[in-house]
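Working notes, beginning with the structure itself.
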Amino acid sequence: MRDFDKVKWKTWQRAREFRRDRTEAERLLWYKLRTEQLGVKFRRQHAIGEYIVDFICIERKLIVEVDGPTHAEIERQLHDARRTDFLESLGYRVIRVTNLQVKESMPYVLETILDALKRK
């Protein structure tokens, strides 16, 4: 069964909305990822099951999440942990960077992604 077949229509619609209403940090990182500057293809705001991931390289099974300040809240951290467990159960690796890291240290963020891509 294809990924799309598993995605609820509502989740897919939300992913479309997220692609239109992205944060500044997501916009900045997408500019670096969208043209295959790292040698692989990434998608943004991609639905997997009931979740929507910020960036995904399907070929390498790598997910990059850009976390804003709400991710520091305990309830959100628990949700993120459940989400990461689910995605890892499907064989994906998940790395997280903060909005601040994207805005102020893009070379570090890109190096982190490159390292993860090399680890297969």
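The values are calculated or read from the model by the stated rules, or taken from the named source; none is laboratory data. Only a predicted model underlies this, so the values are computations on that prediction, with no experimental measurement involved. Don't worry about glycine lacking a Cβ; one is built from the backbone with ideal geometry, like all the others, and counts go over all protein chains shown.
Points to keep in mind about this one:
- Scanning region 1-31 for residues that are surrounded by fewer than 16 Cβ atoms within 10 Å (Cβ to Cβ), charged (D, E, K, R) and at pLDDT 80 or above yields GLU24, ARG27.
- Scanning region 48-77 for residues that are at pLDDT 85 or above and aliphatic (A, V, I, L, M) returns ILE48, ILE52, VAL53, ILE56, ILE58, LEU62, ILE63, VAL64, VAL66.
- Residue in region 89-96 that is on the phi < 0 side of the Ramachandran plot, among the aromatic types (Phe, Trp, Tyr) and in contact with a Leu (Cβ under 9 Å, 6 or more places away or on another chain) present: yes
- Within region 33-53, the residues that satisfy the criterion of being touching a helix residue (DSSP H, G or I) at 6+ places or on another chain (Cβ under 6 Å), outside any loop (DSSP other than H, G, I, E, B) and not β-branched (Val, Ile, Thr) are ARG44, GLN45, ALA47, TYR51.
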